[in-house]
Amino acid sequence: MSAPASPHTSLLHFPHRPFGSRRPKLTRLRCLASLAPASSGASPANDNHLIQTLCAHGRLARAAALLQGLPAPTQRTYESLLLAAARAGDAALAAAVHRRLEADPVFRSDPFLSTRLIDAYAALSALPAARQVFDEAPEKNIFVWNAMLKALALADHGEEALARLADMGRLGVPVDSYSYAHGLKACIAGSASHAPASARVREMHAHAIRRGYGLHTHVATTLIDCYAKLGIVTYAERVFAWMPERNVVSWSAMIGCYAKNERPGDAIELFQEMIASDADLVPNSITIVSVLHACAVVNALGQGKVLHAYILRRGFDSLVSVLNALMAMYIKCGCLQIGRYIFDWIGRRRDVVSWNSLISGYGMHGFGRESLQVFEEMIKEGISPSIITFVSVLGACSHAGFVEEGKKLFESMVEYNVTPRAEHYACMVDLLGRAGRLDEAVELIQSMRIGPSPQVWGSLLGACRIHGHVEYAEMACSHLFDLEPRNAGNYILLADIYAQAKLQNQVDVLKELLEEHALEKVPGCSWIEVKKKLYSFGSVDDKNPQVEELQALIGEFVTQMKNEGYVPDTRTVLYDIEEEEKERILLGHSEKLAVAFGLINTSRGEPIRITKNLRLCEDCHSVTKFISKFTEREIIVRDVNRFHHFRDGVCSCRDYW
Ligand SMILES: [Zn+2]
Ligand SMILES: [Zn+2]
């Protein structure tokens, strides 16, 4: 598109311009700037106005130069300059404004500008300068105190913020709702351990209640955020329930609390309640993104589609953060094509998050080649890959078994200034290990400069299970039992490897250890969405009223399969029990129940979409393959690692997962 002929045309065109285009603003600015000469020959009122306009358009060098010769800057001019300096990350400008202000007899002791200076320095991560402004402020009103508390909490100096809050009490400065909100954030800021942070938040909460601020919307919303971060969902729920007035931020905080604390179903339900409770309550982009993430976690495609329509109706589709979340939702709910469509539709506005989503999406769905292609396109477009990009693309290589490509990418990381972290090593160990190159995987671990994380040893252990390697499995576990003493999964995997190697004595030792330390396996759980409602199944589920019917149906399939030569894979059942009993336990696996539930409760031709919280077991994989052929149904299962598309008795993972 060529440059518009006049500023008027450019203004007329402005609303239709793609997001992020700055050209019309600059054209308009050039006209404005041409009205006033560069040397300040105009009146001070004009100069003040011009500085404010320049600030609004990011022309900070010109604005700073004008300030030097300006005899009487107004409060508004100082404010515009400080806000613009913070926005542009221009610490030198903030310092220049600070010096000018100190020499200004009119505004030197203006508390409003003191708060603005502290805010700007806080945003610029210049805490010592913010402290200096506060210490030297001649008039410290409540706003100046609050600005300092906010700056300290933002910089993770929680202890100091709390000390200043105590000073306020000692000096008789009355606190307000903002002081409590900043104080609460300070309780969590910089606190390395969970226990003291939690005790402090509760203490501050009690204090706020005593002073009559406990139910204040702003304070209560901050409380919900704090309890969400601490993982104390029941307290957050209680605060939310007692609030006499809730705004969109309070609703979003509670929805976010559920989403962050692995209660995606509740997040989705509360969002529906929010929409239904008040037509004027318009969710913000943060709410929408939280709910989309929740839909993605539980594979709630129907709900996600409802949200998609809502996004379009309310115009949220202009925000890249929302579109990224929408795209990730579709990809994680198994609709890779729609995800790709949204990616293409975001077009030039896409950022590294959009690229990462697509790269990992192709990887999770088993399209390694496409994933590598998208990575190359990203590099060609000049986008710098991030830490997550490499986790995504290495993960894709691992799922597809592309060992050489993965090794090359891993070696190329330094060229992009990304230092390999434990998660990248874990991907590489997984890639090499799955491909049966266990010696190489161990060599790589031994070459690590950083201490191998549980993830790295876990990848090795997983590979040992696939290839039945007892020695390396013991080596991985000698580290894992130290690093994650409460993770029952490691004990179970090792027991499984021993069982495969027919080392029953070792299996018994591990079972005793599990019982002795009262360690429990993470219970297997699967979800399925039918007619926009989510149903979850635990293993050997007795809560679902249809469970007997479901088990009978699976039993029929299994009988049919046995006639065709199938032998149940009972290796995952650790108990020392009869083979027949082991088979009965396998029948109760949550993903089989979910598949049967889907078959009974959805219409023919409709794909069945299931999410599993753990890795899909070998037996469930074989049974699902058979069911997909026998019932002519497409079954899509997302386990903790990847997608399995079952169709006509074949899985997209080609039995490599
Ligand atoms: Zn299973
Ligand atoms: Zn599969």
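Each value in this text was obtained by applying a stated rule to the coordinates, not by laboratory testing. It should be emphasised that the depicted structure is a prediction, and the values quoted were computed from it without experimental measurement. FYI the Cβ positions are ideal-geometry reconstructions off the backbone, even for glycines, and counts take in every protein chain you see.
Observations on the structure shown:
- With the Kirkwood sum run over all distinct C-alpha pairs, the range 351-470 has a hydrodynamic radius of 14.3 Å.
- Rounded to the nearest whole Hz, the Karplus-based 3J(HN,Hα) values (6.51 cos²θ - 1.76 cosθ + 1.60, θ = phi - 60°) of the range 414-423 follow the sequence 4, 4, 9, 6, 10, 7, x, 9, 3, 5, with x at glycine and proline.
- Burial ordering of Val414, Val595, Val201, fewest other beta-carbon atoms within 10 Å first: Val414, Val201, Val595
- Put simply, the C-alpha atoms of the chain give a gyration tensor, and the ellipsoid matching it has half-axes of 54, 30, 26 Å, longest first.
- Full-stretch length increase - Val106, Arg654 - with 0.36 nm per residue and alpha-carbon distance subtracted: 189.6 nm
- Rounded to the nearest 20 debye, dipole of the range 420-521 from Cβ charges on Lys, Arg, Asp, Glu: 300 debye
- Theoretical gain in end-to-end length, Ala45 to Arg99 [0.36 nm per residue, Cα-Cα removed]: 17.3 nm
- Sites Ile387 and Leu281 - FRET efficiency at Förster radius 51 Å, r taken between beta-carbons, to 0.05: 0.85
- Charge dipole of the range 420-521 about the Cα centre (unit charges at C-beta), most positive-ward option of Ala495, Cys427, Val509: Cys427
- Here's the list of lysines a cross-link from Lys260 could span, going by alpha-carbon distance under 18 Å and ignoring same-chain residues fewer than 8 apart: Lys185, Lys229, Lys332.
- Förster-model FRET efficiency, 45 Å R0, Lys511 and Tyr310, C-beta, rounded to 0.05: 0.35
- Applied to the range 626-634, the Karplus parametrisation 6.51 cos²θ - 1.76 cosθ + 1.60 on θ = phi - 60° returns per-residue 3J(HN,Hα) values of 4, 4, 4, 7, 5, 9, 6, 10, 8 Hz, with x for Gly and Pro.
- Residues Cys651, Cys397 arranged by fewest to most Cβ contacts within 10 Å: Cys651, Cys397
- Charge dipole magnitude, Cβ of K and R +1, D and E -1 - the chain, Cα centre, debye nearest 20: 3080 debye
- Working note: Cα atoms of the range 588-653, range along each principal axis, descending, whole Å: 28, 21, 17.
- Alpha-carbon Debye profile of the range 283-403, log10 I(q)/I(0) at 0.10, 0.15, 0.19, 0.20 Å⁻¹: -0.29, -0.64, -0.98, -1.07
- Think of each Lys and Arg Cβ as +1 and each Asp and Glu Cβ as -1; about the Cα centre, that makes the dipole of the range 61-166 roughly 300 debye.
- Straight-line cross-link reach from Lys408 at under 18 Å between alpha-carbon atoms covers these lysines, not counting any fewer than eight positions away in the same chain: Lys380.
- Mean separation of Cα contacts under 8 Å (6+ apart) over length of the range 525-651, as relative contact order %: 26 percent
- Estimated from the Cβ-Cβ distance and a Förster radius of 56 angstrom, the FRET efficiency linking Arg210 and Gln272 is about 0.95.
- Partner lysines for Lys629 [C-alpha distance under 17 Å; skip if fewer than 8 residues away on the same chain]: Lys562, Lys592
- Projecting the Cα atoms of Trp251, Val637, Val650 onto the charge dipole of the chain (Cβ charges, centred on the Cα centre) puts Trp251 farthest toward the positive pole.
- Translational diffusion coefficient (Stokes-Einstein; Kirkwood radius from C-alpha pairs) of the range 36-139 at 4 °C, 1.567 mPa s, in µm²/s: 95 µm²/s
- Pairwise alpha-carbon distances in the range 435-541 exceed 16 Å for 64% of all pairs.
- The string of couplings for the range 431-446 from the Karplus curve (6.51, -1.76, 1.60, θ = phi - 60°) is 4, 5, x, 4, 6, x, 8, 5, 4, 4, 4, 5, 4, 4, 4, 5 Hz, one whole number per residue in order, with x for Gly and Pro.
- Along each principal axis, Cα extent of the range 365-406, largest first, Å: 27, 20, 18
- With the largest listed first and rounded to whole Å, the semi-axes of the equivalent ellipsoid of the range 121-277 from the Cα gyration tensor are 30, 16, 14.
- Here the Debye sum runs over all C-alpha atoms of the range 523-657 as equal scatterers in vacuum, and log10 of I(q)/I(0) at q = 0.14 Å⁻¹ comes out as -0.57.
- Extension gain for Arg76 to Gln446 (0.36 nm times residue separation, less C-alpha to C-alpha distance): 127.1 nm.
- Low-density loop cleavage sites - GluC sites (Glu not before Pro) in the range 482-563, where at most 16 other Cβ are within 10 Å (DSSP): Glu520
- For the range 91-167, the extents of the C-alpha atoms along the principal axes are 34, 25, 14 Å, listed from largest to smallest.
- Once the Kirkwood radius over Cα pairs is known for the range 244-343, the Stokes-Einstein relation at 4 °C and 1.567 mPa s delivers a diffusion coefficient of 97 µm²/s.
- Ranking Ile450, Ser412, Leu323 by how far each Cα lies toward the positive end of the dipole of the range 322-472 (charges on Cβ) leaves Leu323 at the top.
- Crossing angle, helix 454-467 versus the chain [Cα axis fit, 0-90 degrees, rounded to tens]: 20 degrees
- Residues with amide H under 5 Å from that of Ile608, placed H, sequence gap 5 or more: Glu634, Ile635, Ile636
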